[in-house]
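The values are calculated or read from the model by the stated rules, or taken from the named source; none is laboratory data. What you are looking at is a predicted structure, and each value in this text was computed from that prediction instead of being measured. As a convention, Cβ positions derive from the backbone with ideal geometry for all residues, glycine included, and neighbour counts pool all protein chains shown. For the accessible areas, the whole protein counts, side chains as well, though only heavy atoms, and no ligand, DNA or RNA atoms are used. Shrake-Rupley method; radii C 1.70, N 1.55, O 1.52, S 1.80 Å.
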Amino acid sequence: CPRQAVRPARALLLGSRADTSACADCGDDSADPTWAVLPYGTLVCIECCGIHRSLGVHISKVRSVALDSWSPAMAALLPALGGANELLLALPPPSSLPPPTAASSRSERERWIRAKYEERRFVERREGDAPSGSE
């Protein structure tokens, strides 16, 4: 029997995660983030989703938790990825790169999202870890 893609209910897909009420990138808590950033499992609003799509799938891939079909394995994995945002933001951002807000421009959001996901500037590295982009 082949594995079927499913459209699980949002609550089932996200489980009991506490980080589902605000966008993981701009913090907008009125946007009801319904886009999952893979492979990180962070949830973002439609505005930040568009920026992720423009980065390319080698950096991040977005899927709707409401509209897209999910394989059973992907659906089972998403609730477990809830801590990825804390890892991506382990180090405080420099004052020259404040986190965006719901009122931020597209270019401000893009700068932040590139720093967070593409450059991984806020990930804490251990001695001997290669910086992003030099693997």
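Remarks
- Matching residues in region 39-73 - criterion: being assigned to a loop (DSSP other than H, G, I, E, B), more than 12 Å from the chain's Cα centre (by Cα), at pLDDT 90 or above and hydrophobic (A, V, I, L, M, F, W, C): VAL57
- Taking the listed residues SER95, SER132, SER104, the one that is out of contact with any Leu (no Cβ under 6 Å at 6 or more places or on another chain), part of a loop (DSSP other than H, G, I, E, B) and modelled with pLDDT of 95 or more is SER104, with no other qualifying.
- Single condition ARG106 does not satisfy, out of (1) of a type in the set (D, E, K, R); (2) within 14 Å of ALA24 (Cβ to Cβ); (3) open to solvent by 80 Å² or more (accessible area, probe 1.4 Å): (2)
- Region 89-103: number of residues that are more than 18 Å from ASP29 (Cβ to Cβ) and open to solvent by less than 60 Å² (accessible area, probe 1.4 Å): 4
- All positions within region 19-48 that are in contact with a Leu (Cβ under 8 Å, 6 or more places away or on another chain) and open to solvent by less than 20 Å² (accessible area, probe 1.4 Å): CYS23, PRO33, ALA36, VAL37, GLY41, THR42, LEU43
- Any hit, region 123-133, residues being under 16 Å from the mean Cα position of the chain (by Cα), of a type in the set (Val, Ile, Thr) and open to solvent by less than 20 Å² (accessible area, probe 1.4 Å): no
- The residue that is farthest from GLY50 (Cα to Cα), counting only those in region 92-118 that are of a type in the set (A, V, I, L, M) and touching a residue at least 12 places away in the same chain (Cβ under 8 Å), is LEU97.
- Residues located in region 74-88, provided they are open to solvent by 60 Å² or more (accessible area, probe 1.4 Å) and either outside any helix (DSSP H, G or I) or not charged (D, E, K, R) (or both): MET74, ALA76, LEU77, ALA80, LEU87
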